[in-house]
Structure formats: structure tokens, C-alpha cells
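Nothing in this text is a laboratory measurement; each read-out follows from the coordinates by a stated rule. None of these values were measured; they are calculated from a predicted model. Virtual Cβ from ideal backbone geometry, glycine too; neighbours counted across all protein chains shown.
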Amino acid sequence: MERICEPELMEGLAQAQAYGAADFSGPDQALVERLAELVGPAGVGQPLRIVDLGCGPGNISFRLVAHFPQAQVLGLDGSAAMVDLAAQGLERHPHGRLRLTFRQALLPLDPGLAEQLAGGVGAGFGVVVSNSLLHHLHQPQVLWRTVRQLASPGALVLMRDLRRPPNPEAVRQLVQRHASGAPELLQRDYGHSLAAAFTLAEVQDQLREAALPQLEVRELDDRYLEIAGWLG
Ligand SMILES: C[S@@+](CC[C@H](N)C(=O)[O-])C[C@H]1O[C@@H](n2cnc3c(N)ncnc32)[C@H](O)[C@@H]1O
């Protein structure tokens, strides 16, 4: 089926709150553990600089500071409602404040801001993480350009997102299988997200166009794509 874009930012307060209240603990923790596997046991305790693109209410950013005890984590999102929710979470977990920062920033990043966030020319984040951002972007190259702007040389990139099912009936079945217990608003958003997602072949094309051959895409279970690799 053809891709149907959804609005990029999750700006509505009700939408952000419903998303923030939802339980994504399984996939969120799986992403963090996959990152730990990729950096290896010696890397987990290193002072990594991690950026979480499209961090939403910070659900993954909070898990990253908990799992990587020396890491500095920056969560970026273009939605003020999402960044406010993330900041409220920080108030409930003040210990995270020293190593976790949230900032409202719309992708594509202004080059001056990107350089400032990266910490200057040639600096950057050693780990770039993103979960469920790509399918929101109307122009997917925005994500790959942002990776180039923020990643340090040799950085590890790990992203997960939904993949688009072949037809509306498959969308309906996935919503039924994975979100039937969720509030109606979330079920609706989930169906829209599946329809807005990319296929494996489309992401491979994006990476070719972005000249990022180091990143590999693979399908995970019945609904996800994972994109991972170390930049040269
Ligand atoms: C589905 S949520 C994912 C949140 C979180 N990463 C997670 O995995 O639960 C996607 C987030 O991307 C943000 N987003 C979408 N387009 C964006 C853009 N162009 N710039 C910055 N943030 C964007 C939305 O506001 C939203 O908070």
C-alpha cells in the first residue's frame, strides 16, 4: 500500500499525554538492551554522549541514563508538549538531571544549532539513537542529514521504527494484535503510524541516497525495522 503521511509533530496536549501514559516498556527496554549489546560490556560503563532524536516524553532517554551509568543523554523533540512531559519526568527523577537534558528542537536542525549541540566541529555524539521518529518525517532524508550533523566520527547509530504493512487489512490486524487494549486515540494513532511507516526497501534506498552504506536495515518480528551500524 502507498505511504500515508501523518502530522510530523505530536503537538496536541491530549495526544502527547495519551502517548506518555502508554506502556511501551517492552520495545523500549529491548532497544536499550540492543544498544548495550552493540557497545559491548566494556562500553556500557564508558562516558558515552548519546542523543535521542524524537525523544517524545523521554521514555527511552530515561532508560538510557539508567542503563549506561556514565552516559550523558540529550533528548530532542520538536513538540513543546512532549518536551514539557519529559521535563516533568525529570522532576520526578531528579538524579537523572545531571546526565539527562531535554530540548525542544525541530528537525531539520539549523546548522548553527546542530554545531552547538554537537559540541563544535569534529565533535559530536558517539551514539545516535532514535525510536519511532522516521515514520513521522515527511522527508526521511531529514533524519539521515541530522545523523551526519550530530554524530562523531565512528559513532554508533541505532534506530527502530515501524514498517509499513502491505495493505489496510494487515494494518487493522496489527492494531488489533498489539493495541486492542489501548485507548481509542492511541489505537487510531497506531494505525496511522503503521500506514506512514517505510518498508525495508525504502529505508535501504534512503541510506543509499544519504551515502550511509555503513548502516544496515533489518526486519524485526511482525512490525519493526532496525537500522544500525558504526559510521566511518
Ligand atoms: C512516536 S513519537 C516517539 C517518541 C519516543 N522516541 C518513543 O520511542 O516512544 C515521535 C516523536 O517524534 C517527534 N517528531 C516528529 N517529527 C519531528 C521533527 N521534524 N523534529 C523533531 N521532532 C519530531 C514527535 O513530536 C514525537 O514526539
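Pull out the extension gain between Arg188 and Val121, defined as 0.36 nm times the separation in residues minus the alpha carbon to alpha carbon distance; nm, one decimal.
19.9 nm
From the P(r) of the chain, can you give the percent of Cα pairs sitting at distances over 34 Å?
Cα-Cα pairs in the chain separated by more than 34 Å: 9 percent.
At 7 Å along the Cα-to-beta-carbon direction for both Val44 and Glu216, put a label point, then send me their distance in nm to one decimal.
Placing both labels 7 Å beyond Cα along the Cβ direction yields 2.3 nm.
If I model a spin label as a point 7 Å beyond the Cα along the Cα-Cβ vector, how far apart are those points for Arg3 and Arg208 in nm?
1.5 nm
What does the charge dipole of the stretch 13-230 about its Cα centre add up to, to the nearest 20 debye, if the Cβ of each Lys and Arg holds +1 and the Cβ of each Asp and Glu holds -1? Walk me through the intermediate numbers first.
Working: 18 positive and 22 negative charges, 57 e Å.
Charge dipole, the stretch 13-230, about its Cα centre: 280 debye, nearest 20.
Roughly what would the spin-label model give for Gln17 and Asn167, points 7 Å off Cα along C-beta, in nm?
In this crude label model, Gln17 to Asn167 measures out at 4.0 nm.
Given the options Ser132, Ala16, Ile50, identify the residue whose Cα lies farthest towards the positive end of the charge dipole of the stretch 1-151 (+1 on Cβ of Lys, Arg; -1 on Cβ of Asp, Glu).
So the residue furthest toward the plus end is Ile50.
Place a +1 charge on the Cβ of each Lys and Arg in the stretch 30-86 and a -1 charge on the Cβ of each Asp and Glu, then give the dipole magnitude about the Cα centre in debye, rounded to the nearest 20.
Numbers: 3 positive and 5 negative charges, 26 e Å.
Dipole about the Cα centre, nearest 20: 120 debye.
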